[in-house]
1. Give, in nm to one decimal, the length gained when the segment between T104 and D333 is fully stretched (0.36 nm per residue of separation minus the Cα-Cα distance).
2. Which whole-number percent is the relative contact order of the chain (Cα, under 8 Å, 6+ apart)?
3. Going 7 Å from the Cα of S520 toward and past its Cβ, which residues in the range 594-634 have a backbone nitrogen under 19 Å from where you end up?
4. Could you name the lysines in cross-link range of K37, using Cα to Cα under 17 Å and dropping any fewer than eight places away on the same chain?
5. Under the 0.36 nm per residue contour assumption, what length would be gained going from the current alpha-carbon distance of T238 and D356 to full extension?
6. Counting only other residues whose beta carbon sits under 11 Å from that of A289, what net charge do I get with K and R as +1, D and E as -1?
7. Using amide H atoms built in the peptide plane, which far-off residues or other-chain residues are under 5 Å from S28 H to H?
8. Using a 10 Å cut-off on Cβ atoms, rank the peptides 162-174, 446-458 from the highest mean neighbour count down.
Amino acid sequence: MLQRLKNFLKRVLVKEEYLKQIPSVFKSNLFLSYRKKDRKYANELIKTIHQNPNCENIGIWYDEFLVPGEKFDESIKNEIENSDLFAILVTPNLVNEENYVLSTEYPLAKESNKTILPILSIKTDIKMLKNVLGKVKIIKLKSCVKALIKKLKIKKNKTVDLKEKYLLGLAYLSGIQVETDANHGIKLISECANNGYLDAARKMAEIYYHGLGIEQNIDKAIEWQDNYVQIIDTRHHTLPEEQKIKNLEMCIDATIDLVDYLCEGQRYMEAKTVSLNLINLFILKEETAETFKKLLAVYSKLIAVCRMLKDYNTIEDVFKKQQEILKNVDYSDYEFLETKLAAYNNYASSIIDKNDTKSFELAKEYYLELLNDIETNKDFPDKNRSLVFIFNNLGHCLNRLNENSEEWFKKSIKIVEENLKNSQTVESLRQVVSLYVSLADAVVENDINKAELYYLKALDYAYILLESSKLPDDILDTGKVCERLALLNYNKGSFEKSSIYYEKLIELFVPYEDRRMFISPLYNTYFVLASIKFRNLEFCLDDELDLKTREIRTIIFKAIYLIEENAQRKCAEIINSPIKLEPTKEELIDVERLANCWYFLAMMDRIIPEPLQRAFNLWAFLAKVRPSEQEYINMLRELRSLQNLTTKDN
């Protein structure tokens, strides 16, 4: 059932224009009838047929193409009637018991006067076969291709039509009228692309970019997308004048995608060069509103690229060009206002990276200008979404300028909470959690109690969010709110409350402790929680001391277990490896965490030698591997002193 659904979805994902054209490439259609038990042998038969180049354009219909929601009997009847040949897969399962093949499909084929071809896959009782099938000639598997070619009167195709070959490749890639065979589909499509077929070059880029039937490979996607752009560019001069405008538009769109691919591959310098060349193409275009919108979007992409390169001079130049265009556009076309919103935010985000007062002042100025634009356009579509965006960014700018940012975050929150009354979407819940955290962060230095209330609101919404979403990022973000509350209470001196929030964080993360992204925050939480509880030992009564000490040891041993169970290589194996086998950065982090745990245990109870010795061995290894790390050397000296003291005490 799952495979049928996948096939159905693949059909949906292929463009409608191709879906209409694909059936035309199949010169013959075969209905394959077989028992469910024999699916393995059916696959072998299909593969045998389609491995022959003369038969790759035979459409084979079998029950995997039944679409959820359709009346199966009706669909099967239609497919049999529309087929050119009815093939039955013959195995002992066909004759050993009553089945749908013999009770329904075979009689329908006879009634429709179809050519019937029984194909023997496994040795089967001939007498029983004759009883159920009558006088029909049985063909062995190794001879079935030859029999098919003869019965369907297939002739060897001497000329290759690239469009047909491309459509056939799409059929195999997506499992349309044939079995899904991504490798064969990609082979056919790439052959077309290498012969200059435009759609095929674009499809190859998509295949590698999205990982369609093949492992995702951004560099390969870039290579094919560049090939696609070159094909468009090369043919431009050979086209009639009336087709050149459309070709130029196609070239611009393809180059925009190439810039996106280059950015995805973090090849920013190339993306900058391609973007600058792309801008030159707009000189050839007529100056229309749509042209300006697209050019503004390309400028924004270039600013984003230059932001990654920290090329602020180019950013300034490009933004001035955007401003020149935006001065002269008609803002009754709200798309221009949306474009301005994106352009100004893109620029503001870029200059904020400089992290200086002048940049924050300038960003603030632009956000206030955008706010005025939005508020004066009463009919601006999705106005509240844009206001939340501007209020939030203004709040962050003012916070960095040490100005009052609280009111702006509150304005954002008011809009989002109003939306939540109507519909609690996952996106709105994420947004309100983030806004309350930003609000709390903004006031925490001046009013720690008010900040705590805002963090608590964020946590309430975060738990509501987790009822609908279990995405790792949402769990981590909820953990970060718990951590902020824990730190806030620690700074207030409320160590018990701080411990409670760290325990909540642990409760959130423990179910996911086998995922690398959760190990570091979970380990840190164990360690901090143990430290807080260790600090509280001095306030314990004597009869509580032993219980509290055991609780702390349990927490530290949980941290040790976490590291050892999830380490890429066991720490004992790492420290006993030849020094030439350099540990990775991740492995060193694991060893250092383990060393800290044993050091903690050694400090808790100095009369027990094992924790101290383990800690010493681990820190000695770290100092040997990284002799320039002063922290490792200092820790080793401290542990030597502790060993000497312990020896004297004993």
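The values are calculated or read from the model by the stated rules, or taken from the named source; none is laboratory data. None of the values given here were measured: they were computed from a predicted structure. Quick reminder, even Gly has a Cβ in these numbers, built from the backbone with ideal geometry, and neighbours come from all protein chains shown. Ligands, DNA and RNA are excluded from the accessible area calculation, which covers all protein heavy atoms including side chains. Shrake-Rupley method; radii C 1.70, N 1.55, O 1.52, S 1.80 Å.
1. Taking T104 through D333 to full extension adds about 76.3 nm, to one decimal.
2. Relative CO of the chain lands at 5 percent.
3. Once the point is set 7 Å along Cα→Cβ of S520, 594-597 turn out to lie under 19 Å by backbone N, inside the range 594-634.
4. K123
5. 37.2 nm
6. Computed value for this residue: -4.
7. G59
8. Those peptides, ordered most packed to least, come out 162-174, 446-458.
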